[in-house]
Amino acid sequence: MSDADKQVLLEVKGLTMDFGGLRAVDTIDLSISEGEIAALIGPNGAGKTTFFNCVTGIYKPTGGDILIHPQDKPTQRINGKKPNIITELGMARTFQNIRLFSDMTVLENVMIGRHCRTKTGLTGAILRGASVRKEEQQIVEFSYHLLEKVGLTEFADEFSKNLPYGAQRRLEIARAMATEPFLLLLDEPAAGMNPQETADLVALILRIRSEETIAILLIEHDMKLVMNLSDTIHVMEYGKKIATGTPQQIKDNPKVIEAYLGEEADA
């Protein structure tokens, strides 16, 4: 399938976010298509995480439109919808700071991610009929299957707080995938990782894209990872998008070079 034939899944038009007198995100346009791995990069304070927070319902944007076009489902404008609703609609995210349930097992952390796809209500949970027990078993099996995908089955019964750092990052991705998203948003997934953990992460993301047909949008400071992984790179600076292109186009873009050289000079 050519890029032109791929369906756009997320379409952001003129997204703006103000905090008092500060404009953190300034009229951003961005789209993600099926099967695409896209990166959102820029110096610290460029507005990248604010953009993620608008798209995933943590912030209600000041202006613009956020549209999702899930396959075989109607287009929806999701501005201002609550994060749990956006997750149910098919967008899942991880966070820059790991947010696992530390005193729950690795398997239980993934099972929690299935919550938005379960049918059992409060009454069913209390009565625990045959259909409820069957659904619980399906949740366990589905969650274990995801642990296999991210290479964490050996830790299934371990408390998540006892996992090595890189494994905790992979667990967060597994929990997000448990919601069966069409778009996975990763906020600095390689932060704090050593080179081997980063290499494992790159392999995992590529495998997710090929096996699950999930599109991926990531924020990342590791430029080697971004260049090796991304089909498309979007660059932000001071809340504005200053460039979009392939890794090679971004590498050669004078505006991008200036933005990053400026950051290094200020460091």
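Positive end of the dipole of the chain (Cβ unit charges, origin at the Cα centre): among Gly239, Val8, Thr87, the Cα lying farthest that way belongs to Thr87. Largest GNM mean-square fluctuation among Thr94, Thr179, Thr75, using the chain with Cα springs under 10 Å: Thr75. Structural descriptor for the chain: relative contact order 26 percent, calculated from alpha carbon pairs under 8 angstrom and at least 6 residues apart. Here the residues Phe101, Phe52, Phe95, ranked from fewest to most Cβ neighbours within 10 Å of their Cβ, fall in the order Phe101, Phe95, Phe52. Across region 1-82, the fraction of Cα-Cα pairs farther apart than 22 Å, rounded to a whole number, is 27%. Here mean projected area of the Cα convex hull in nm² was computed from the coordinates, and among [x] 16.0; [y] 13.6; [z] 14.9 the match is [x].
Backbone phi angles across region 102-108, fed through the Karplus curve with coefficients 6.51, -1.76 and 1.60 (θ = phi - 60°), yield HN-Hα couplings of 5, 9, 10, 6, 4, 5, 4 Hz in residue order; Gly and Pro are listed as x. DSSP assigns beta bridges within the chain; of those with both partners inside it, close to 55 percent run antiparallel.
Annotation: amide H-H contacts under 5 Å for Leu40 (H modelled 1.01 Å from N, sequence separation of 5 or more, or interchain): Leu218, Ile219, Glu220, His234. Fewest neighbouring Cβ atoms within 10 Å first, the residues Ser31, Ser143, Ser102 line up as Ser102, Ser31, Ser143. Checking the a/c ratio against 1.5 first, then a/b against b/c, what shape does the Cα gyration tensor give for region 138-220? Since a/c reaches 1.5 but b/c is at least a/b, the shape of region 138-220 is classed as oblate. Within the shell defined by Cβ-Cβ distances under 14 Å, the residues around Ala156 carry a net charge of -3, with Lys and Arg each +1 and Asp and Glu each -1. Each of Phe142, Phe19, Phe182 was scored by other Cβ atoms within 10 Å of its Cβ. Arranged with the fewest first, they read Phe19, Phe142, Phe182.
Since every read-out is calculated from the coordinates, none of them should be taken as a lab result. This one's a predicted model, so the numbers in the text were calculated from it and none came from an experiment. Every residue, glycine among them, receives a Cβ derived from its backbone with ideal geometry; neighbour counts consider all protein chains shown.
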